[in-house]
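Below is one structure, written out as structure tokens; comments come after it.
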Amino acid sequence: MGTAKLPDPEDPKGIRYAFNDVQFVEVLPLPEGQGINRLDHIAFNTDDVEGLRKYLAAKTWKTPAKTEKGADGSSWITVRDPEGNKVEFVQPPHLPQAIVAPNVIGRHIIHVGMLVHDRALEDTFYRDLLGFRPYWWAA
């Protein structure tokens, strides 16, 4: 896909394939006993991860006590959606690394895909709590 191959500041065993300064695909080692699901987590950028952590906690969503920090200056929290999928909210570093990927096929990731077993249950998190709106799904 022509992305830039970079080290992962969150996990030294991982690799990032960057499309731009703040959008990338992370490839991590498969944990033992993972089963058939190969998705470790999905992640969304935010301008204020601490504010989002406090918002989720105020809405009684299970949240970590503090944000985590990456080697690149990013910070993030990890929560679980109603079906148990890990969801990261990441505040990119103030001065993101300039990405050089002259052959990348696109510079903007506009969607994430995952298997949903109970859409109404997942909507309580993604739509009702976070305000996300799907623009496409398969029935």
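Within the option set Phe125, Phe132, being assigned to a loop (DSSP other than H, G, I, E, B), among the hydrophobic types (A, V, I, L, M, F, W, C) and at pLDDT 90 or above holds for one residue only, Phe132.
Lys59 - would you say it is under 23 Å from Thr124 (Cβ atoms), out of contact with any Leu (no Cβ under 8 Å at 6 or more places or on another chain) and either exposed (fewer than 13 other Cβ atoms within 10 Å of the Cβ) or of a type in the set (Asp, Glu) (or both)? The answer is no for Lys59. Among residues of segment 1-12 that are closer than 17 Å to Trp76 by Cα, those with a Cβ under 7 angstrom from a residue that is in a loop (DSSP other than H, G, I, E, B) and of a type in the set (A, V, I, L, M), sequence gap 6+ or separate chain, pair up as Pro9/Ala71; Asp11/Leu28.
In segment 30-46, the residues that are part of a loop (DSSP other than H, G, I, E, B) form Cβ pairs under 9 Å with partners that are open to solvent by less than 60 Å² (accessible area, probe 1.4 Å) and of a type in the set (Asp, Glu), at six or more places apart or across chains, as follows: Leu30/Asp40; Pro31/Asp40; Gln34/Asp40; Asp40/Glu26; His41/Glu26; His41/Glu88. Kindly evaluate Lys86 against the criterion of being surrounded by fewer than 14 Cβ atoms within 10 Å (Cβ to Cβ), of a type outside the set (Gly, Ala, Ser), within 21 Å of Phe125 (Cα to Cα) and under 13 Å from the mean Cα position of the chain (by Cα). It is true that Lys86 is surrounded by fewer than 14 Cβ atoms within 10 Å (Cβ to Cβ), of a type outside the set (Gly, Ala, Ser), within 21 Å of Phe125 (Cα to Cα) and under 13 Å from the mean Cα position of the chain (by Cα). Across segment 91-123, the qualifying residues are those that are within 23 Å of Gly51 (Cα to Cα) and either without any contact (Cβ under 8 Å) to a residue 60 or more places away in the chain or among the small types (Gly, Ala, Ser) (or both), and the one among them that is least open to solvent (accessible area, probe 1.4 Å) is Glu122.
The values are calculated or read from the model by the stated rules, or taken from the named source; none is laboratory data. Computed from a predicted structure; not experimentally measured. Quick reminder, even Gly has a Cβ in these numbers, built from the backbone with ideal geometry, and neighbours come from all protein chains shown. The protein model used for the area step is the full one, side chains on, heavy atoms only, and it has no ligands, DNA or RNA in it. Shrake-Rupley method; radii C 1.70, N 1.55, O 1.52, S 1.80 Å.
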